[in-house]
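Comments concern the structure below.
The values are calculated or read from the model by the stated rules, or taken from the named source; none is laboratory data. Note that the coordinates shown come from a computational prediction; the quantities given were computed from them, not determined experimentally. Using ideal geometry, Cβ is built from the backbone for each residue, glycine included, and neighbour counts are taken over all protein chains shown. Protein only, heavy atoms only, side chains kept; ligands, DNA and RNA dropped before computing areas. Shrake-Rupley method; radii C 1.70, N 1.55, O 1.52, S 1.80 Å.
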Amino acid sequence: MHFSVGDKVVHPHRGPGRIVDVVRQEFLEEEKRYYVIDMPASSMTVRIPVRRVEDVGLRPAMNLEKIASVLDTLHGKPRRLPTDYKERQEQVREAIQAARPITMAETVRDLTWHGRSEHLTKTDAELLKLVQDFLAEELALASDTEVTEANDRIEQAMAATMDALAERELAEAS
């Protein structure tokens with residue numbers, strides 16, 4: 001995959017950023033090209049060898065169409081997560097490692113619902129924060145907004161979804 005200066009990208013372990021430069025550097029008597037990526041949410045700059053982009057898992061950030069899909073996913077019906085905390089947390093970690101917007105949105109939605117209907121362990125809560133922050137950072141980058149604004153959008157979507165589901169369960173119980 002080829003990227004250019006100005007492209008918005010997502011590193012699966014470091015988060016979203018923007019390519020600010022493509023540089024050539026000599027390393028072990030061999031010249032290599034690197035993408036220089038500014039990661040504003042973590043206040044760091046990362047260099048990825050151009051030829052290792054696919055190995056690293058660098059991908060384009062979501063586009064406006066994908067933002068709508070992410071918000072739709074947040075408004076969707078949650079899936080039941082495993083009751084065994086080890087199994088549940090492993091499933092969530094796998095979703096985080098995948099670093100795909102829809103998968104992350106499903107994870108935020110499902111963990112939020114689990115927290116309302118069951119109980120979130122301390123680790124569950126930390127994982128929820130981690131995946132929601134990652135999703136908010138990418139959403140902010142893709143929509144050219146602040147992370148706090150993106151997080152507010154996620155929170156509002158989740159509040160509306162959880163309220164609607166709670167109302168539906170109450171109506172079904174009556």
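If a residue counts only when it is touching a residue at least 60 places away in the same chain (Cβ under 8 Å), which helices (runs of 4 or more DSSP H) contained entirely in the range 1-117 have at least 3 such residues? Give the derivation first.
On the way: elements: 53-56, 64-74, 85-98, 101-117.
The qualifying helices (runs of 4 or more DSSP H) are 64-74.
Identify all residues within the range 134-148 that are out of contact with any helix residue (DSSP H, G or I) (no Cβ under 7 Å at 6 or more places or on another chain) and surrounded by fewer than 21 Cβ atoms within 10 Å (Cβ to Cβ); write none if there are none. Spell out the reasoning first.
Here is the first cut: in the range 134-148, the residues out of contact with any helix residue (DSSP H, G or I) (no Cβ under 7 Å at 6 or more places or on another chain) are 141, 144-145, 148.
Passing the criteria: 144, 145, 148.
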note = The number of residues in the range 142-170 that are without any contact (Cβ under 8 Å) to a residue 24 or more places away in the chain and of a type in the set (Lys, Arg) is 1
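Out of the residues in the range 120-133 meeting the condition of being part of a helix (DSSP H, G or I) and in contact with a helix residue (DSSP H, G or I) (Cβ under 6 Å, 6 or more places away or on another chain), tell me which one is surrounded by the fewest Cβ atoms within 10 Å (Cβ to Cβ).
Residues of the range 120-133 part of a helix (DSSP H, G or I): 122-133.
If we keep only those that are in contact with a helix residue (DSSP H, G or I) (Cβ under 6 Å, 6 or more places away or on another chain) as well, we get 123, 127-128, 131-132.
On the way: 123: 14, 127: 21, 128: 19, 131: 22, 132: 21.
Going through the qualifying residues, I end up with 123.
Those residues that are of a type in the set (Lys, Arg) and either over 16 Å from the mean Cα position of the chain (by Cα) or over 16 Å from residue 120 (Cβ atoms) (or both), I need them from the range 53-96; list them, please.
Within the range 53-96, 59, 66, 77, 79, 80, 86, 88 meet the criteria.
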note = Going through the range 44-78 in order, the residues found to be in contact with a His (Cβ under 8 Å, 6 or more places away or on another chain) and over 15 Å from residue 22 (Cα atoms) are 56, 57, 78
ask   = Is it true that some residue in the range 134-141 is under 23 Å from residue 61 (Cβ atoms) and free of Cβ contacts under 8 Å to residues at least 40 places away in the same chain?
value = yes
inquiry  = Filter the range 64-119 down to the residues that are open to solvent by 30 Å² or more (accessible area, probe 1.4 Å) and touching a strand residue (DSSP E or B) at 6+ places or on another chain (Cβ under 9 Å) and list them by number.
reply    = 100
